[in-house]
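Asker: One structure, as structure tokens, below. Some questions next.
The values are calculated or read from the model by the stated rules, or taken from the named source; none is laboratory data. Being a predicted model, the structure only gives us computed values, none of them experimental. Note that we place each Cβ from the backbone using ideal geometry, even for glycine, and neighbour counts take in every protein chain shown. Note: accessible area is taken over every heavy atom of the protein model, side chains too, but ligands, DNA and RNA are not part of it. Shrake-Rupley method; radii C 1.70, N 1.55, O 1.52, S 1.80 Å.
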Amino acid sequence: MKGLRPRGQAADPPSGTASASTMAILRALRVALHVGFAGLLTVALLRLLFADSRPSAKFLLVGLAVLLAVVYLAGTVLEKRFASGALGADPRRYSLLWLGAVTVLWALLLVGSADFSWLAFPLFFLYLHLLPRLVALPAIAVLTAAVIAAQWAAGGFLVPQLPAVLGPLFGAGFSVVTGLAYQALYREAEVQRRDAEELRRTRAELAAAQHRAGVLAERGRIAQEIHDTLAQGLSSIVLVARAAEKSLAAGDPDTTASRLALVQQTASENLAEARNFVRGLSSPTLQESSLVDSLRRLCERTEADAVARGAALRCIFELQGDPVELPQPYRVALLRTAQASLGNTREHARADHAVVTLAFQGNDVTLDIYDDGVGFDPAAVQLTERPDGRGFGLQALRHRIGELNGSLGLESAPGEGTVVAVRLSIDVRLETGERAAQ
């Protein structure tokens, strides 16, 4: 039954959870216990068979010995099958009943023949493992006294001989020390098993958290790209198409054709953007030209788009200082900031003028986007995404610039226009860009 592990403990630690040496010692002790019990029982049985005694008493003792072997073997086999998962019902609930049956059968054999007295030593281990220590130690003392009494009676001496007393006492002491050492080893194995399970659980939780973080980061990247490119482009296509519809209805085919051409150009550019950010690449505009040229063309397209929709927006690009070649992540961040800001200017500001200024000043590069539109109160704007998908732009820009250790400022007031200002450190940016390139 549960005699192979300390009382109150779980099943044997799974292979590999404890150290190999500890597990080897535990297995060796368990095997030694079973082999010792079987060996001592066999020796006592053989001595009984060759002893000169009454046949009826001999057959009775042989039957009891065989029954003891069957009971012991059944308990250990059931416990082993349960520990390995081959048995569904837990036999350990009957461990005390099993121990009582083994003890009673041994006591009956001891009364019939002193040769069975040495089976007490394996029983000492079972008592230590199945019973609380305060109960096991007195029980071992009683079994030791029974062995001494059996040896005394078998010797036929008036006073017990010293070897018949010291042998059981030393055996009991050795069994107690060995049993306590086994329990200490088992507790160590249990601690190692729990630590290993905790480590596996922690690794699994860390892997799951990293996976969730990766998923969220990828979703954020795609959301930023969609907002800064596809959403702005599709909005422009819708508005220019409406303007083309109006000019067609007014009988102005030339204006209609120019607006449809702008729709086609915008759709082609957004298709290229979609294909590139799906592959994790930068803007195709930046692949074909520098940041300065890309910003200049962005201003031209913004102005042409506004004209196609019937708005009078003048968009100007200004360059200050000597341009420095920037790493790709920072060029993308500055271009996306300009795209998102001019998209808001085109759709919401109702501005007449917009100015995009890229400046290289010492160790810093700055990008300012100004418009003279209606403006708004930044404190009254909730910088979170709304159910309709709006409200994401400024939040995404702050996150994008923050990842590059830069700063993004916003200044606006009702009736006074809006300024979006980005500042990046060239030294930090170049160092980070070189590491990213490697």
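Asker: Could you compute the FRET efficiency for residue 211 and residue 71, with r as their C-beta to C-beta distance and R0 at 60 Å, rounded to 0.05?
Answerer: 0.65
Asker: If DNA, RNA and ligands are ignored and the probe is 1.4 Å, what is the ranking of 106, 118 by accessible area, most exposed first?
Answerer: 118, 106
Asker: How many angstrom lie between the Cα centre of segment 170-192 and the Cα centre of segment 309-351?
Answerer: 77
Asker: Something else now. Step through the residues of segment 358-366 one at a time and calculate ³J(HN,Hα) from phi using the Karplus curve (6.51 cos²θ - 1.76 cosθ + 1.60, θ = phi - 60°), rounding each to whole Hz and writing x for Gly and Pro.
Answerer: 10, 10, 10, 10, x, 8, 10, 10, 10
Asker: Hey, another quick one. Given the Cα-Cα distance of residue 169 and residue 399 and 0.36 nm per residue of separation, how much length would full extension add, in nm?
Answerer: Between residue 169 and residue 399, full extension yields 75.0 nm more.
Asker: Can you tell me the length gained on complete extension of the stretch residue 43 to residue 318, counting 0.36 nm per residue apart and subtracting the Cα distance?
Answerer: 88.5 nm
Asker: Tell me which residues come under 5 Å, amide H to amide H, from residue 354 once H is placed; ignore anything under 5 positions away on its chain.
Answerer: 314, 315, 316
Asker: Gain in length, residue 245 to residue 154, computed as 0.36 nm per residue apart minus the alpha-carbon separation, to one decimal in nm?
Answerer: Details: separation 91, 0.36 × 91 = 32.76 nm, distance 12.04 nm.
That works out to 20.7 nm of additional length.
Asker: Given charges of +1 on the Cβ of Lys and Arg and -1 on the Cβ of Asp and Glu, with all other atoms neutral, how large is the dipole of segment 295-354 about its Cα centre, in debye to the nearest 20?
Answerer: It comes to approximately 220 debye.
Asker: Given a Förster distance of 45 Å, report the FRET efficiency between residue 377 and residue 219 from their Cβ-Cβ distance, rounded to the nearest 0.05.
Answerer: FRET efficiency, residue 377 to residue 219: 0.90.
Asker: Taking R0 as 56 Å, what FRET efficiency do you get between residue 423 and residue 96 from their Cβ-Cβ distance, rounded to the nearest 0.05?
Answerer: Using R0 = 56 Å, I get an efficiency of 0.10.
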